[in-house]
1. Does region 21-40 contain at least one residue that is crowded, with 19+ Cβ neighbours inside 10 Å, free of Cβ contacts under 8 Å to residues at least 24 places away in the same chain and not β-branched (V, I, T)?
2. If I go through region 181-230 residue by residue, how many of them are closer than 21 Å to G122 by Cβ and small (G, A, S)?
3. Among the residues in region 296-312, are any farther than 30 Å from A142 by Cβ, free of Cβ contacts under 8 Å to residues at least 12 places away in the same chain and surrounded by 12 or more Cβ atoms within 10 Å (Cβ to Cβ)?
4. Quick one: which of A243, A210, A197 is under 20 Å from the mean Cα position of the chain (by Cα) and not assigned by TED's automatic domain parsing to the domain that holds K328?
5. Every residue in region 173-225 that is within 26 Å of K331 (Cα to Cα), touching a residue at least 40 places away in the same chain (Cβ under 8 Å), of a type in the set (G, A, S) and assigned to a loop (DSSP other than H, G, I, E, B), please.
6. Counting only residues that are aromatic (F, W, Y) and within 12 Å of the chain's Cα centre (by Cα), how many does region 143-194 have?
7. Restricting region 89-112 to residues that are in contact with a Lys or Arg (Cβ under 7 Å, 6 or more places away or on another chain) and modelled with pLDDT under 95, which is surrounded by the most Cβ atoms within 10 Å (Cβ to Cβ)?
8. Could you tell me whether region 70-88 includes any residue that is more than 24 Å from H22 (Cβ to Cβ) and surrounded by fewer than 18 Cβ atoms within 10 Å (Cβ to Cβ)?
Amino acid sequence: MKGSMESRFERYCEEMVKALGHEDRRQPAQWYLKGLMLPGERKSVEPMAARVDPRHVRARHQSMHHFVANADWDDVAVMRMARDLVLESLERHGPVAAWIVDDTGIPKKGLHSVGVARQYCGVLGKQENCQVAVSVTLTNEAVSVPAAYQLYLPEVWARDARRRQIAGVPEEAWFRTKWEIALEQITALHREGLPPAPVVADAGYGVVTAFRDRLTAQGISYIVGVSGETSVWPPGLKPLRPARWRGQGRPPTRVRRSPRHHPLSVQALAHRLPRACWGSVTWRQGTRGALRSRFAWERVRPAHRDENRSRPRPVAWLLIEWPHGETKPTKFWLSTLPEDTPATQLVRLAKIRWRIERDYQELKDEFGLDHFEGRGWRGFHHHASLGIAAYAFLAAERARLSPPEPLSFLRPARLPKGFKPRGASSAA
């Protein structure tokens, strides 16, 4: 896009509303996107309506609320347009380096918003009432953009017909684990022909052997976190061959272990590695200087329940981080990247998840990803897709400019004296 930042934003809004279907959605869509971009404490509908048109708050509120909560438009199409815009800018800084799988929690006090249940909430670090959404983000070292985003529906919701009806949960949205949602997102994005790259995920996904196996079956490489209890065959070892057939029954087909020949946990293996296997690796420059730590990288065979298999699992990379001064290793990853992959590349990809953490922080702090006050399935996904669309414009601008400029071209309208939108704090 050429021209001023403001004119680029206006053209971006014009392109974005083409995905909405009806012409009568154009104006509320533009108001909503502008409200998300404007500075302000809350990015729920009423405060945004007050910022975009403070003299007609009630009318704008009704129009914007209907647009986001009730209107029948495709949030996936909006995200697709936002994603494609950022990909143009992203690839100027190099190819897509990774597809990051992650989820984010949105704390909620009540129990009626769609998908709310007592479950682990990452932002709080404990079990709490919250919604959880699963996402896939395309990234390289310079730019990132969420390409898929979907609410995780707990079993208590998936099986409750009355709650589903009230919240407008579609018939096809049944209970699926987070890794199953992520795998569906990855498969759909590959079908769209997006630039392929290794999947990166934390141990919440990496410990699921079925998730790793399904990625491998689709020819998708990965580098995923695993727990210290994950079992592997040490370098150079593999399961014993099936037992010799004794002439009766079916010939044995399953590989074997024995008391003297068995896999180890990655934690135990790390403690057995000689000092020569460890080296210091720098993966990027942070705000306080170079980020580096001590790592070991070995070729191993994942061993989870392989005694039920007819052949050993393929050899993969095991990456271990054991910082100086720590009494034991702190992180482990398994990867199916090629055997000739340099250790520095393994480490950089394992650590690239910092980008999605920053994305979520900005999506919540600046674009109100967690501010939606509606309770329905449609409104939850509509609000998220518009927030990601607004964030995508910022990501594209950052990629275009060096150093990046803030989105300071938008100015909030003057509020009527004494006006206080619902949801604002007393300090506001």
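1. No, region 21-40 contains no residue that is crowded, with 19+ Cβ neighbours inside 10 Å, free of Cβ contacts under 8 Å to residues at least 24 places away in the same chain and not β-branched (V, I, T).
2. 8
3. No.
4. From the options A243, A210, A197, the qualifying one is A197.
5. A197, S221
6. Residues that pass the stated criteria total 2.
7. The qualifying residue surrounded by the most Cβ atoms within 10 Å (Cβ to Cβ) is S89.
8. Looking through region 70-88, at least one residue is more than 24 Å from H22 (Cβ to Cβ) and surrounded by fewer than 18 Cβ atoms within 10 Å (Cβ to Cβ).
The values are calculated or read from the model by the stated rules, or taken from the named source; none is laboratory data. This one's a predicted model, so the numbers in the text were calculated from it and none came from an experiment. When we count neighbours, we look across all protein chains shown, and the Cβ atoms used for this are built from the backbone with ideal geometry, even at glycine.
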